[in-house]
1. Residue check, Val90 against (1) under 18 Å from Ile200 (Cβ atoms); (2) within 14 Å of the chain's Cα centre (by Cα); (3) aliphatic (A, V, I, L, M), all met but one. Which one?
2. Of the conditions (1) within 21 Å of Gly62 (Cβ to Cβ); (2) under 17 Å from the mean Cα position of the chain (by Cα), Ile200 satisfies every one except a single condition; which number is it?
3. I'm trying to understand the selection: among the residues of the range 111-130, which are touching a residue at least 40 places away in the same chain (Cβ under 8 Å) and either crowded, with 16+ Cβ neighbours inside 10 Å or not in a loop (DSSP other than H, G, I, E, B) (or both)?
4. Mind checking which residues of the range 70-102 are touching an Asp or Glu at 6+ places or on another chain (Cβ under 9 Å), in contact (Cβ under 8 Å) with a residue 24 or more places away in the chain and closer than 17 Å to Thr216 by Cβ?
5. Mind listing just one residue for me: the one in the range 113-163 that is under 19 Å from the mean Cα position of the chain (by Cα) and of a type in the set (D, E, K, R) and, of those, modelled with the lowest pLDDT?
6. Which one of these does Tyr108 not meet: (1) farther than 18 Å from Ser207 by Cβ; (2) touching a Lys or Arg at 6+ places or on another chain (Cβ under 8 Å); (3) surrounded by fewer than 16 Cβ atoms within 10 Å (Cβ to Cβ)?
7. Restricting attention to strands (runs of 3 or more DSSP E) lying wholly within the range 136-177, give those where 2 or more residues are small (Gly, Ala, Ser) and free of Cβ contacts under 8 Å to residues at least 60 places away in the same chain.
8. When you check Lys197 against the structure, is it of a type in the set (Lys, Arg), closer than 25 Å to Tyr68 by Cα, surrounded by fewer than 14 Cβ atoms within 10 Å (Cβ to Cβ) and out of contact with any strand residue (DSSP E or B) (no Cβ under 9 Å at 6 or more places or on another chain), yes or no?
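The values are calculated or read from the model by the stated rules, or taken from the named source; none is laboratory data. Here the structure is a predicted model, which means the values were calculated and not measured. All Cβ positions, even for glycine, are placed from backbone atoms using ideal geometry, and neighbour counts span all protein chains on display.
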Amino acid sequence: MFPVKLFRLFVAMILLCSLTGCSSTNQLYLQSIKLAFFADATTLTLAQVKQSKSDLLKVNHGERAPVYMGLAYIEDKQLKWVSADKAILVFQQDKLFRTSGLDSDLQYTSAFNDYSLSLPDLANQPEWEYSIDIDNQVYDLPMHSTWQVGEPESAVFYDTTLEFIPVKEVVTTQINKPYASHTESWTNIYWFDTASKQIIYSEQKASPFAQTLQMTFVSRIARIIDKRQGNE
């Protein structure tokens, strides 16, 4: 009998290819992504994270237990992550760009090519305008983001204190429905590691109808810790 875990992996691969398209270059990720899945593991040790051949992303979604997603593709500046239960998250510049397998999926986001999710550029261009499509809800919904860069803070990951710069993204949109309209607003959070300038943690709500995803970029954190300890 075909193992359940491999069957789920196979189905997830098919869904990911149908969502994003597959290229020969990206087949390398397909060979290693199965190593990203740890059965029934809600928490991985630093050693387990380092063991994975594919980058890992820890995701908390509502009241569900945390899941780990493996980096399946890097294509056209987009990072595409897949979980063992077939959920897919697509990021551009570490901002949610598209989702599949969630309660309310972000089907499309207009390109962020005019913007850069980096600390210097956010200071110079603190407002973004783009649009999104939400599966079975609304299409071409205009979005407005205002970015606020905070002062350095610190947090502990794997018994190691890392300094980061917090960035808040205040997202606003106008929901227009027959006979009624209202404004929706929420705040997304991004933590930039002060040394590498990479995002190591983020809380993002993809749309007005979605739940907030809490995401920890554990493989990035592992590399930062290794570099600090002189292991790279």
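1. Single failed check for Val90: (1).
2. (1)
3. The first filter runs over the range 111-130 and keeps only residues touching a residue at least 40 places away in the same chain (Cβ under 8 Å), leaving 117-119, 122.
Within the range 111-130, Leu117, Leu119, Leu122 meet the criteria.
4. Within the range 70-102, Gly70, Leu71, Trp81, Lys95 meet the criteria.
5. Asp135
6. Of everything listed in (1) farther than 18 Å from Ser207 by Cβ; (2) touching a Lys or Arg at 6+ places or on another chain (Cβ under 8 Å); (3) surrounded by fewer than 16 Cβ atoms within 10 Å (Cβ to Cβ), Tyr108 misses just condition (1).
7. Details: elements: 138-149, 153-157, 160-177.
Where strands (runs of 3 or more DSSP E) fall fully within the range 136-177 and carry at least 2 residues being small (Gly, Ala, Ser) and free of Cβ contacts under 8 Å to residues at least 60 places away in the same chain, they are 153-157.
8. Values: of a type in the set (Lys, Arg): yes; closer than 25 Å to Tyr68 by Cα: yes; surrounded by fewer than 14 Cβ atoms within 10 Å (Cβ to Cβ): yes; out of contact with any strand residue (DSSP E or B) (no Cβ under 9 Å at 6 or more places or on another chain): no.
The answer is no for Lys197.
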